[in-house]
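Novice: Starting off with a structure, shown below.
The values are calculated or read from the model by the stated rules, or taken from the named source; none is laboratory data. Everything numeric here is computed off the predicted structure, so don't read it as measured data. Don't worry about glycine lacking a Cβ; one is built from the backbone with ideal geometry, like all the others, and counts go over all protein chains shown.
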C-alpha cells in the first residue's frame with residue numbers, strides 16, 4: 001500500500017503538462033493567448049472593484065455567474081451563498097472589508113484561470129492572513145472559485161516574509177497604496193514563454209520526486225534563490241534541508257500528491273493541489289508558487305490550509 005502511495009505521488013509530480021488540470025493546455029498558442037486576454041478583461045476590473053474599491057458584493061454581482069461553483073469550505077455555492085457569508089462576516093468585529101488593510105502581491109492570468117496572491121489584515125491587532133484565490137472564467141463570467149488561506153506566523157524560518165516584503169503589518173499595509181496593476185512582487189515577465197517556465201518546473205519536481213534532491217537543487221535553484229515559505233530557511237541550503245526530510249530519504253514515507261491545477265504567467269508557475277502527509281488524519285490544500293530567472297527557480301512561496309471535515313458546499317477544496 002505504501003509503495004503504491006509513493007508511486008502515485010511521484011506520478012503526480014512527473015505528469016506532463018497536458019495531463020494536469022489545465023483546461024487550455026492542449027489548445028494552440030494563438031487560441032491560448034486569446035483566451036488568456038479574454039480572462040484578463042474580466043480579472044482586472046473585478047479585482048480592482050473588489051480589493052481596491054472594497055466593493056465585494058458589486059464585484060461579484062458584476063462579474064460572477066449567479067450559480068458559480070464555490071470551493072471555499074465556509075461559503076455556500078453561488079451569489080446567494082457569497083452574499084450570506086459576507087453579510088454574516090460584517091456583523092463580527094473587524095468583519096467589514098472597508099476597514100481592512102490589503103496588499104496585492106501578485107496577479108497571474110492563464111487561459112481561463114486567474115489567481116491573486118495577497119495579504120489581509122482585519123485590524124491593528126490582527127497578525128494577518130495570506131490568501132491565494134483562483135477563479136475560472138467562462139463566457140465572460142466567473143464560474144468557479146477556489147482559495148487557500150494561512151495565518152501569518154509571528155516567527156518565520158527566513159527573513160523574507162510570506163509576500164514580497166511590502167506591507168507585512170497592518171500599519172505598513174494601510175500606509176501603502178494598494179494596486180492591482182502594480183503588485184508588490186512585480187508584474188509577470190511575459191517575455192518568458194509559458195512553456196519555458198513549465199519545463200523548468202517539471203524537470204525540477206521530477207528530479208526531486210525521484211529522490212535526487214541535492215542534484216535538483218544544484219541544477220535548478222538560482223544562486224539568488226529566496227524562500228518565502230514560513231517553515232523553510234532561506235536559500236538553497238534551507239531548501240535542501242527541508243526537501244531531504246520530505247523527499248530525499250528512501251526509507252521514509254512520502255507525501256501523496258493529488259492532481260495539480262496550474263496557473264502559469266510569464267516567469268511565475270502556481271500549482272494548486274491537495275496533499276496527504278504521512279501520519280496526518282486529513283488532507284491539506286496547498287498552493288506553491290515558483291518564480292523563474294535565467295532558466296532557474298529564483299523564489300518560492302507556499303500556502304497550506306487543512307481541509308476541514310465538513311463544509312458549506314459539496315465541492316471540495318480542489
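Novice: How many residues are on the phi < 0 side of the Ramachandran plot and over 16 Å from the mean Cα position of the chain (by Cα) if we restrict to the stretch 250-289? Don't jump to the end; show me each part of the working.
Specialist: First pass over the stretch 250-289, keeping only residues on the phi < 0 side of the Ramachandran plot: 250-265, 267-278, 280-289.
Subset that is over 16 Å from the mean Cα position of the chain (by Cα): 250-256, 276-278, 280-283.
Adding up the residues that qualify gives 14.
Novice: Please name all residue pairs, on different chains or six or more residues apart, with Cβ atoms under 6 Å, provided the first residue is in the stretch 52-66 and is at positive phi and the second residue is in a helix (DSSP H, G or I).
Specialist: 54/97; 54/98
Novice: Something else now. If we keep just the residues of the stretch 106-145 that are under 18 Å from residue 172 (Cβ atoms) and over 17 Å from the mean Cα position of the chain (by Cα), which is surrounded by the most Cβ atoms within 10 Å (Cβ to Cβ)?
Specialist: 121
Novice: Could you please find all residues in the stretch 86-95 being within 24 Å of the chain's Cα centre (by Cα) and free of Cβ contacts under 8 Å to residues at least 24 places away in the same chain? First the steps, then the outcome.
Specialist: At the first step, the residues of the stretch 86-95 found to be within 24 Å of the chain's Cα centre (by Cα) are 86, 89, 95.
Residue satisfying the conditions is 89 alone.
Novice: Could you please let me know if residue 274 is crowded, with 18+ Cβ neighbours inside 10 Å, free of Cβ contacts under 8 Å to residues at least 60 places away in the same chain, out of contact with any helix residue (DSSP H, G or I) (no Cβ under 6 Å at 6 or more places or on another chain) and assigned by TED's automatic domain parsing to the domain that holds residue 300? Lay out the reasoning, then the answer.
Specialist: Details: crowded, with 18+ Cβ neighbours inside 10 Å: yes; free of Cβ contacts under 8 Å to residues at least 60 places away in the same chain: yes; out of contact with any helix residue (DSSP H, G or I) (no Cβ under 6 Å at 6 or more places or on another chain): yes; assigned by TED's automatic domain parsing to the domain that holds residue 300: yes.
Against the criterion (crowded, with 18+ Cβ neighbours inside 10 Å, free of Cβ contacts under 8 Å to residues at least 60 places away in the same chain, out of contact with any helix residue (DSSP H, G or I) (no Cβ under 6 Å at 6 or more places or on another chain) and assigned by TED's automatic domain parsing to the domain that holds residue 300), residue 274 qualifies.
Novice: Could you tell me which of the residues 231, 169, 252 is closer than 24 Å to residue 104 by Cα and surrounded by fewer than 14 Cβ atoms within 10 Å (Cβ to Cβ)? Step through it out loud before you land on a result.
Specialist: Details: 169 fails: surrounded by fewer than 14 Cβ atoms within 10 Å (Cβ to Cβ); 252 fails: closer than 24 Å to residue 104 by Cα.
Criteria check complete, one pass: 231.
Novice: Can you name the condition, by its number, that residue 199 falls short on among (1) within 26 Å of residue 36 (Cβ to Cβ); (2) touching a residue at least 60 places away in the same chain (Cβ under 8 Å)?
Specialist: (2)
Novice: What number of residues within the stretch 180-219 satisfy the criterion of being in contact with a helix residue (DSSP H, G or I) (Cβ under 8 Å, 6 or more places away or on another chain) and on the phi > 0 side of the Ramachandran plot?
Specialist: Result for the stretch 180-219: 1.
Novice: Now for a different question. For residues that are part of a helix (DSSP H, G or I) and surrounded by fewer than 18 Cβ atoms within 10 Å (Cβ to Cβ), tally how many sit in the stretch 215-228.
Specialist: Residues meeting the conditions: 3.
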